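The values are calculated or read from the model by the stated rules, or taken from the named source; none is laboratory data. The model shown is predicted, which means the values in this text are computed figures rather than measured ones. Cβ sites come from the backbone with ideal geometry, for glycine too, and all protein chains shown count toward neighbours. Just so you know, the surface numbers come from the protein's heavy atoms only, side chains and all, with ligands and any DNA or RNA stripped out. Shrake-Rupley method; radii C 1.70, N 1.55, O 1.52, S 1.80 Å.
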Amino acid sequence: MPFLNTAYRTLQRELAENGVTVLVAQLDLDLPLTDGLTPNEISDTSSPQLSSDCLAPHTLAEMATGTSDLFVPMEKITAGLPNFQPGSYLRMWEWLEDKVNSVGATQAITVRVRYEKVLPALCAGTDPVQIRSSTDPLGYGTAAMVARSSGQRALALDLMAAAADATAKLIERYVRPEQYKARRRRPYGPKRGIAYL
């Protein structure tokens, strides 16, 4: 199981680094008013708190709690939040020390968090693998680690290559439907009847 979980985490990282959205989840959090302001921090210990499977948020959007308004995207700040007075909306956020920080708002706000999630470790043979069609990459990756730990270096290298190939094909399977239109490069040189200036 330790080898299988290592292969599982490796596959999750490969998928995330290649933009596969299978590891993205969404959560709506209601931020109530306390002494006239919403909380200015959402973390693993705050109330409300981030989901326990949240690795890092991608985007946040907000709306006034209890309304039928549309969610409005919030701006992600990377160089520290500005020293603004709280307004009726949060408007901006930053991810710092595993917390979502904001200036706070003067009305109750519902925040929609889209985030990269971490899948739970596999503990038993009956635990579900939450990445579809991942049998080959996980099987080859696990077998490669077993072969390497038993000193069979050549076999381990061969199995690692097979795992990498299976992973690349899985990524292609996920990414291809997101490529809506085929692109062809424009050929160089003049075409008959067209003058390029």
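Per-residue answers, yes or no, for (1) open to solvent by less than 90 Å² (accessible area, probe 1.4 Å); (2) farther than 30 Å from residue 172 by Cβ; (3) free of Cβ contacts under 8 Å to residues at least 12 places away in the same chain:
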{"site": "25", "(1), (2), (3)": "yes, no, no"}
{"site": "36", "(1), (2), (3)": "yes, yes, no"}
{"site": "42", "(1), (2), (3)": "yes, yes, no"}
{"site": "45", "(1), (2), (3)": "no, yes, yes"}
{"site": "53", "(1), (2), (3)": "yes, no, no"}
{"site": "87", "(1), (2), (3)": "yes, yes, no"}
{"site": "94", "(1), (2), (3)": "yes, yes, no"}
{"site": "97", "(1), (2), (3)": "no, yes, yes"}
{"site": "108", "(1), (2), (3)": "yes, yes, no"}
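For (1) closer than 23 Å to residue 174 by Cα; (2) assigned to a loop (DSSP other than H, G, I, E, B), each residue gets a yes or a no:
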position: 62; (1), (2): no, no
position: 67; (1), (2): no, yes
position: 115; (1), (2): yes, no
position: 119; (1), (2): yes, yes
position: 131; (1), (2): yes, yes
position: 136; (1), (2): yes, no
position: 147; (1), (2): no, no
position: 151; (1), (2): no, yes
